[in-house]
1. Across the chain, how many lysine pairs separated by 8 or more positions, or lying on different chains, have Cα atoms within less than 20 Å?
2. In degrees from 0 to 90, rounded to the nearest 10, what is the angle of the helix 108-124 Cα long axis to the longest principal axis of the chain?
3. So how tilted is helix 47-59 from the main axis of the chain? Cα-based, degrees 0 to 90, rounded to 10.
4. Run the dipole for the chain about the Cα centre, Lys and Arg Cβ at +1, Asp and Glu Cβ at -1, nothing else charged, and hand back the magnitude in debye, nearest 20.
5. At 1.4 Å probe size, with every protein chain present, just tell me what the per residue accessible area of the chain comes to in Å².
6. Quick one: 3J(HN,Hα) in Hz for region 6-16, Karplus 6.51/-1.76/1.60 with θ = phi - 60°, rounded, Gly and Pro as x.
7. Give me, ordered by chain and number, the residues 5 or more places off C78 or on other chains with an amide H under 5 Å from its own placed amide H.
8. Using a probe of 1.4 angstrom, how much of the accessible area of the chain is carbon and sulfur, in percent?
Amino acid sequence: MGKGYLFESRQKRFTFNEDNYYVDLVFYNRLLRCYVLIDLKVEKLTHQDIGQMQMYVNYYDRYEKLEDENPTIGILLCKENNEALVEITLPQDTNIYASEYKLYLPDKKLLQDKLRQWIEEADVE
């Protein structure tokens with residue numbers, strides 16, 4: 001995950017209006033000073049998945065995080081992402097992100113090329 005992440009829970013249950021909900025993974029990042037919620041989807045991303053994560057993030061922001069902590073981040077890892085769906089469903093200033101997961105890593109050369117590309121892009125900005 002990276003630096004500063006603390007694992008809090010797997011299948012974290014919270015109850016709201018007598019209904020139970022479960023977040024797949026809950027982390028806290030000491031450096032960012034915020035919760036990071038991760039939901040894993042084995043199918044193509046849907047607007048229902050995005051709405052569900054928005055509810056989880058709202059719940060954590062309103063009932064779990066402390067006043068001096070930063071807003072909760074939601075991450076949806078899915079088999080197939082749909083950037084257009086994410087863009088139209090979520091507000092522009094959201095802390096929710098969707099990304100595809102891969103079952104296998106690409107070959108070494110492709111990873112090196114991609115890393116070089118990201119470094120060049122970061123240097124331009």
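The values are calculated or read from the model by the stated rules, or taken from the named source; none is laboratory data. As the structure is a computational prediction, the values presented were derived from the model and not from experiment. Neighbour counts are summed over all protein chains in view; Cβ atoms, including those assigned to glycine, are modelled from backbone coordinates with ideal geometry. All accessible areas refer to the heavy atoms of the entire protein, side chains included, with ligands and DNA or RNA removed. Shrake-Rupley method; radii C 1.70, N 1.55, O 1.52, S 1.80 Å.
1. Details: K12/K41; K12/K65; K41/K79; K41/K102; K44/K79; K44/K102; K79/K102; K102/K114.
Value for the chain: 8.
2. Between the helix axis and the principal axis of the chain, the angle is about 80 degrees.
3. 60
4. Values: 16 positive and 23 negative charges, 119 e Å.
Result for the chain is approximately 580 debye, rounded to the nearest 20.
5. Details: 9230 Å² over 125 residues.
With all protein chains present, the chain gives 74 Å² per residue.
6. For region 6-16, the Karplus curve yields 10, 6, 9, 6, 10, 6, 5, 8, 9, 10, 9 Hz.
7. K41, S99, E100, Y101
8. On the way: 4770 of 9230 Å².
Here carbon and sulfur together make up 52 percent of the probe-accessible area.
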